[in-house]
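What follows is a single structure, written as structure tokens, with notes after it.
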Amino acid sequence: MGWEQFLDLLIISARMQYSAAMKVALTIAGSDSGGGAGIQSDIKTFSAHGTFGCSVVTAITSQNTFELKNIFPIPPKIISNQLRSIFSDFELAAVKIGMLYNSGIMEEVQKKLKNAKFPIVLDPILSTGTGYSLIYKNDLKYFKEAIIPLSYLLTPNLPEAEAITGIKIRSPDTLTDAASTLLDMGARNVVIKGGHSKITKSVIDFLLTEDREIVKLKKNRIEINPLHGLGCNFSAAVTAQLARQVPLKHACHLANEYVLTGMTNSIQVGKGSLIVDPFSFIYSNSDRFLVLKDLDVAVTNIESIENFGSLIPETSSNIAYAISRPTGVSDIAAVEGRIAKVGSRAKAVGRIRFGASKHMGSAVMSYMKVHPHMRSAINLRYDERTLAICKRIFNVTSYNRLVEPENRKVMEGSTIPWGIETALQINPNADVIYHLGDIGKEAMILVFDTNPSHLVGKVNNILIELTR
């Protein structure tokens, strides 16, 4: 049995065990017709964390990425019936509570959950990011008295924590006071999300546990356009992790990482705020595995090709492959130590890893800005005959390193991006780019394609032409 067949069996076995152990989480929240927050976002986030999601819809909103037009609260009797349907069939492992528009809805939720044995995550959604109120103004007092004491974890952002406690959070001390006040109101644990805070340069989510232990969850602040549904994603991610019996502090940390990945890969699907991509970390992780696997196969093929060594430059070759949505060189895999010439053949000097080649990584990143689907590249020795073959069977362009602007030359690592950008301005459809070198810089041919397998096929075609 080959390793690929063995891997397939392992995956099938893991899926069977995974399905048998899948936990069920419930979201009690409003429906966002735009799909970026509320029930729709929660279900997607549950799924992304390997948890089966059920839902109780508390309100229907007419909403998109830039405005909320209407709110229709679901009658309390229908809320009760939804809850009864869920509890009569599913064994719940955790519950998330989001939008509860009025006291009638709150009362039905409180009656059903007051004796719950599973963790309840309460995201106290008071308003949208665009300023629309999502709770009836006269019912906030009832919310504090009846709903907050249900929560195993309360997840307000800074403005929500201020609105609930009446404390203006302007310093670490007032942040601690607000968190303590929320515990005094009945929440067992509270995490105040730090995205709105100006107290620190980085984003720090402030977790205060039932034992009054302070845990600070720190991440770098990202300068990004307004995001829709960020709080929903975080609280739903924590809920899913708690459903899988992950300890609270670790669940909050995982949710933080999940949201950060989603923010980094946020998407513009409407005309207003960006949307957090709820599956980006799944795509990224599976993508990274496939990139390493495909690149390993390609390198093995390169090493088996007779006379491949004739195409390797004095400075050696490398082959690079990016995930589908790279954010930098760390998302592009290559051979550590490059590919060297050994006799007439090629030999990979080191292992394949992400971030192994800044030069090839920056070349792929620059090329993908014009052709996002062309994710792989290899550098070959410049030779007039090789170039002539490339011009005959591929689409070729070039750039002149001697005319690179001085302000770009002094910027470390800027030559390759400038060169790729310049060459593609001359011929946007080129899949081969070459330059004739510079002082101390070897002339080079770069070949691009969608994946390493196609790339090796191209190079093999060059070799066939060279041996004729």
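Of note:
- Amide H contacts for ARG244 (H built 1.01 Å from N in the peptide plane; partners 5 or more residues away or on another chain; cut-off under 5 Å): none found.
- Dipole moment magnitude, nearest 20 debye, the chain about Cα centre, only Lys, Arg, Asp, Glu C-beta charged: 200 debye
- The residue among TYR258, THR327, TYR152 whose Cα reaches farthest toward the positive pole of the charge dipole of the chain, with charges on the beta-carbon of Lys, Arg, Asp and Glu, is TYR152.
- For the peptides 394-400, 85-91, residues were scored by their other Cβ atoms within 10 Å and the scores averaged per peptide; the highest-first order is 394-400, 85-91.
- Cβ crowding within 10 Å averaged over residues, with 38-50, 287-299, 234-246 ranked highest first: 234-246, 38-50, 287-299
- Distance between modelled label sites at LEU292 and ASN461, nm, 7 Å Cα→Cβ extension: 3.2 nm
- Sequence of LYS347, LYS168 once ranked by neighbouring C-beta atoms within 10 Å, starting from the fewest: LYS168, LYS347
- FRET E, pair VAL215, GLN268, Förster distance 30 Å, beta-carbon r, rounded to 0.05: 0.35
- Backbone N within segment 298-324 under 18 Å of label point (7 Å from PHE394 Cα along the Cβ vector): 298-299, 301-303, 305-322
- Full-stretch length increase - GLU257, ASN407 - with 0.36 nm per residue and alpha-carbon distance subtracted: 50.3 nm
- Overall form of segment 355-394 per C-alpha gyration tensor (a/c, 1.5; a/b vs b/c): oblate
- Shape of segment 284-466, Cα gyration tensor, a/c cut at 1.5: rounded
- Look at the alpha carbon pairs under 8 Å that are at least 6 residues apart: their mean separation over the length of segment 284-466 gives a relative contact order of 23 percent.
- Three-way shape call for the chain based on the alpha-carbon gyration tensor, with the a/c threshold at 1.5: prolate
- Per residue of the chain, the DSSP helices (runs of n ≥ 4 H) give a summed -39500 (n - 2.57) that works out to -12000 deg cm²/dmol at 222 nm.
- Relative contact order (%) - the chain, alpha-carbon pairs under 8 angstrom, separation at least six: 10 percent
- Each Cα pair under 8 Å and six or more residues apart adds its separation to the average, and for segment 221-337 the resulting relative contact order is 20 percent.
- Segment 122-175 and segment 340-358 have their alpha-carbon centroids 56 Å apart.
- Spin-label pair SER324/GLU336, simplified geometry with 7 Å Cα→Cβ offset, distance in nm: 2.8 nm
- Proxy reagent accessibility, fewest Cβ within 10 Å first, across MET360, MET374, MET444: MET374, MET444, MET360
- Computed extension gain for ARG353 through ASN429, at 0.36 nm per residue and net of the alpha carbon distance, reaches 24.4 nm.
- Dipole of segment 284-466, positive end: most advanced residue of PRO405, LEU424, PRO372 [Cβ charges, Cα centre]: PRO372
- DSSP-defined beta bridges in the chain - what % are antiparallel, rounded to 5: 60 percent
- Which of GLU384, GLU404, GLU108 has the fewest Cβ neighbours within 10 Å, and the rest in rising order: GLU384, GLU404, GLU108
- Karplus-derived 3J(HN,Hα) values for segment 48-56, using 6.51 cos²θ - 1.76 cosθ + 1.60 with θ = phi - 60°, are 4, 9, x, 10, 7, x, 10, 9, 10 Hz; glycine and proline are entered as x.
- Reach of LYS141 by Cα under 18 Å, taken over lysines that are not fewer than 8 positions away in the same chain: LYS111, LYS114
No value in this document is a laboratory result; all are computed from the given coordinates. Model, not experiment: these values are computed from the prediction. Here Cβ is always computed from backbone atoms with ideal geometry, including for glycine, and neighbour counts include all displayed protein chains.
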